Amino acid sequence: MVEPGAAAGIAGRDPAWTGGPDFADLTREELGARAGDALAHGKEALSDAQELLWASDRYALLVVLQAMDAAGKDSAIEYVMSGVNPQGVQVVSFRGPSAEELDHDFLWRISKALPERGRIGIFNRSHYEEVVALRVHPDWLESQRLPPGEPGEQFWHERYEDINAFERHLDRNGTRIVKFFLHVSKAVQKERFLARLDTPGKEWKFNAADVDERARWDDYMAAFEDALTATSTSWAPWYVIPADHKLVAQALVAQVLVQAIGALDLRWPEVSEAEHLANLEARKRLESEPT
């Protein structure tokens, strides 16, 4: 977790981390098996936690996923959430804003996509594109038709303030927020790009424009460093997930989500005395039916 008030320190975090010294001697196959077991347990626990979240109907959980391309956002959603009741989850992928969205403030379309109580909402990319991608490409701000002024350091700090206030408002009203930066290395991104080109049926996942963005790698890392440092708060923390090994990343994401729901101290709904008596009467009627 990026401690609130501390630097994110992305450059000092190993994207190939696999659990520390206790796992250092494992082969790749052994590591995959251990991570797969951890993921399976995490998925089972997350399924139970999601059911309790749904039944209690008091909180929502918002999961934010940010990363460079090919870091594994889609696969994290696919595998981590594969055991959860689909009725309790919604996934929103944010692309370039529409003309209508550009006529509103940058958080307007985010507000419309928030999960209701009892559900898990997943943002595949999010409002953080506004302080990462747009910071790398400040000319993209022109389409937002903002009041006059150059987007200097103060502009970005004010956006961080707006995001922190927005997320605090959500937390105060029952939407708990967990944010993940899937930290992939430049070398592994290259491997995954080439695999998409070389694997039959996978080329559609490759976008030549991604290579242009890859050329701005250092700019993106600087933008993520600033954004995570400024917006990891006690009410909406950032987690930097080592993403070079997908199973390890997925197991870690599942564990954090289970802990986040568990921290809500939820309770199963209780029926009133009148409802209980009505249920007893209904049971008698059921049992008296001829078999």
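The values are calculated or read from the model by the stated rules, or taken from the named source; none is laboratory data. Values in this document were obtained by computation on a predicted structure and should not be read as measured data. Methodologically, a virtual Cβ is constructed for each residue, glycine included, from the backbone with ideal geometry; neighbour enumeration extends over all protein chains shown. Each accessible area value is taken on the protein alone, full model and side chains, heavy atoms only, with ligands, DNA and RNA left out. Shrake-Rupley method; radii C 1.70, N 1.55, O 1.52, S 1.80 Å.
Looking at segment 246-263, is at least one residue more than 15 Å from residue 137 (Cβ to Cβ), open to solvent by 50 Å² or more (accessible area, probe 1.4 Å) and touching an Asp or Glu at 6+ places or on another chain (Cβ under 9 Å)?
no
What about residue 59, is it of a type in the set (Ser, Thr, Tyr), under 15 Å from the mean Cα position of the chain (by Cα) and buried (at least 18 other Cβ atoms within 10 Å of the Cβ)?
no
Please find, within segment 78-97, the residue that is nearest to residue 61 (Cα to Cα) out of those that are open to solvent by 60 Å² or more (accessible area, probe 1.4 Å) and outside any loop (DSSP other than H, G, I, E, B).
91
For the structure I just gave you, tell me whether residue 64 is part of a strand (DSSP E or B) and touching a residue at least 60 places away in the same chain (Cβ under 8 Å).
Yes.
Taking interchain pairs and intrachain pairs at least six residues apart, which have beta carbon atoms under 9 angstrom, with the first residue in segment 33-50 and touching a residue at least 40 places away in the same chain (Cβ under 8 Å) and the second aliphatic (A, V, I, L, M) and open to solvent by 50 Å² or more (accessible area, probe 1.4 Å)?
Short answer, once both residue conditions are applied: 35/247; 36/247; 38/247; 39/247.
If you go through segment 1-32, how many residues are of a type outside the set (D, E, K, R), modelled with pLDDT under 95, part of a loop (DSSP other than H, G, I, E, B) and exposed (fewer than 13 other Cβ atoms within 10 Å of the Cβ)?
3
Table: residues versus (1) closer than 19 Å to residue 222 by Cα; (2) in contact (Cβ under 8 Å) with a residue 60 or more places away in the chain; (3) among the hydroxyl-bearing types (Ser, Thr, Tyr).
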site: 138; (1), (2), (3): yes, no, no
site: 147; (1), (2), (3): no, no, no
site: 150; (1), (2), (3): no, no, no
site: 162; (1), (2), (3): no, no, no
site: 165; (1), (2), (3): no, no, no
site: 173; (1), (2), (3): no, no, no
site: 178; (1), (2), (3): no, yes, no
site: 182; (1), (2), (3): yes, yes, no
site: 186; (1), (2), (3): yes, no, no
